[in-house]
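Structure first, commentary second.
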Amino acid sequence: MTPTPLQNGATFHDLPPCRVLDTRNASGPDAAAPVLAAAFSRVLSPAGRCGIPASATALSVNVTVTSPTAAGSLVFYPGDAAVPNASTISFGPGQTRANNTILKMAENGSATVGVFNSAPGSVHLIVDVNGYFQ
């Protein structure tokens with residue numbers, strides 16, 4: 001498919017849907033990414049997975065939460081930035097919920113994205129990418 005240019009000069013590149021993170025996996029590429037603990041931040045490095053280049057500036061993703069032990073929300077942010085106030089997805093205990101979003105990558109060249117779990121309990125996270133901006 002032909003890349004789509006955007007107003008800010010970035011170009012969207014679609015990808016076949018691909019899972020870049022699944023905290024339910026105890027082995028394989030996500031073994032070091034267990035369940036998100038209560039009030040915990042984690043920085044993810046999706047570059048190099050699923051065809052995402054290190055030069056990507058943002059990702060088009062579907063984020064899914066499952067098996068939360070308490071109500072809360074996840075906040076995604078560039079990996080080199082402070083946690084913002086706006087949530088990306090909210091959930092209740094025991095719910096599985098999904099949301100499409102654009103995740104801005106770190107501007108310091110690390111190609112990272114942060115995620116903060118605001119809940120007073122743990123939650124599993126699944127991130128499927130379908131494209132990136134460059």
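If we scan the stretch 30-39, do we find a residue that is surrounded by 14 or more Cβ atoms within 10 Å (Cβ to Cβ) and acidic (Asp, Glu)?
Going through the stretch 30-39, the residues surrounded by 14 or more Cβ atoms within 10 Å (Cβ to Cβ) turn out to be 30, 33-36, 38.
Checking the rest, the ones that are also acidic (Asp, Glu) come to 30.
Yes, the stretch 30-39 contains a residue that is surrounded by 14 or more Cβ atoms within 10 Å (Cβ to Cβ) and acidic (Asp, Glu).
Quick one: how many residues across the stretch 1-39 are at pLDDT below 90 and assigned to a strand (DSSP E or B)?
Count: 2.
Quick check on the stretch 98-134: of everything there that is of a type in the set (A, V, I, L, M, F, W, C) and surrounded by fewer than 17 Cβ atoms within 10 Å (Cβ to Cβ), which residue is farthest from residue 84 (Cα to Cα)?
The initial filter retains those residues of the stretch 98-134 that are of a type in the set (A, V, I, L, M, F, W, C), namely 98, 102-103, 105-106, 111, 113, 115-116, 119, 123, 125-127, 129, 133.
Filter once more, so that each one left must be surrounded by fewer than 17 Cβ atoms within 10 Å (Cβ to Cβ): 98, 102.
On the way: 98: 20, 102: 15 Å.
Among residues in the stretch 98-134 that are of a type in the set (A, V, I, L, M, F, W, C) and surrounded by fewer than 17 Cβ atoms within 10 Å (Cβ to Cβ), the one farthest from residue 84 (Cα to Cα) is 98.
Considering the stretch 83-118 alone, what residues qualify as being among the aliphatic types (A, V, I, L, M) and within 28 Å of residue 11 (Cβ to Cβ)?
86, 89, 98, 102, 103, 105, 106, 111, 113, 115
Considering only the stretch 80-102, how many residues are in a strand (DSSP E or B) and not aliphatic (A, V, I, L, M)? Lay out the reasoning, then the answer.
Step one: filter the stretch 80-102 for residues in a strand (DSSP E or B), giving 89-91, 97-102.
Now restrict to residues that are not aliphatic (A, V, I, L, M): 90-91, 97, 99-101.
Going through the stretch 80-102 one residue at a time, the tally reaches 6.
Which of the residues that make up the stretch 40-69 are of a type in the set (A, V, I, L, M), surrounded by fewer than 16 Cβ atoms within 10 Å (Cβ to Cβ) and assigned to a loop (DSSP other than H, G, I, E, B)?
Taking the stretch 40-69 as the starting set, the residues that turn out to be of a type in the set (A, V, I, L, M) are 43-44, 47, 52, 54, 56, 58-59, 61, 63, 65.
Those left that are additionally surrounded by fewer than 16 Cβ atoms within 10 Å (Cβ to Cβ): 43, 54.
Within the stretch 40-69, 54 is the sole residue that qualifies.
I need the full set of residues from the stretch 84-102 which are free of Cβ contacts under 8 Å to residues at least 24 places away in the same chain and under 11 Å from residue 72 (Cα atoms), in order please.
Answer for the stretch 84-102, where residues must be free of Cβ contacts under 8 Å to residues at least 24 places away in the same chain and under 11 Å from residue 72 (Cα atoms): just 90.
Could you count how many residues in the stretch 103-134 are assigned to a strand (DSSP E or B), among the hydrophobic types (A, V, I, L, M, F, W, C) and within 13 Å of residue 77 (Cα to Cα)? Talk me through it step by step, then tell me what you get.
Keep residues of the stretch 103-134 that are assigned to a strand (DSSP E or B), which gives 103-104, 113-117, 123-133.
Still in the list and also among the hydrophobic types (A, V, I, L, M, F, W, C): 103, 113, 115-116, 123, 125-127, 129, 133.
With the extra rule that they be within 13 Å of residue 77 (Cα to Cα), the set shrinks to 103, 113, 115-116.
Of the residues in that region, 4 qualify.
This table checks each residue for (1) over 15 Å from the mean Cα position of the chain (by Cα); (2) closer than 21 Å to residue 35 by Cα.
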| residue | (1), (2) |
| --- | --- |
| 79 | no, yes |
| 84 | no, no |
| 90 | no, yes |
| 94 | yes, yes |
| 115 | no, yes |
| 120 | yes, yes |
| 125 | no, yes |
| 134 | yes, no |
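Which one of these does residue 77 not meet: (1) surrounded by fewer than 20 Cβ atoms within 10 Å (Cβ to Cβ); (2) of a type in the set (Ser, Thr, Tyr); (3) in a strand (DSSP E or B)?
Against the list (1) surrounded by fewer than 20 Cβ atoms within 10 Å (Cβ to Cβ); (2) of a type in the set (Ser, Thr, Tyr); (3) in a strand (DSSP E or B), residue 77 comes up short only on (1).
The values are calculated or read from the model by the stated rules, or taken from the named source; none is laboratory data. Quantities reported herein were computed from a predicted structural model and do not represent experimental measurements. So basically every Cβ, Gly included, is an ideal-geometry build from the backbone, and we count neighbours across all protein chains shown.
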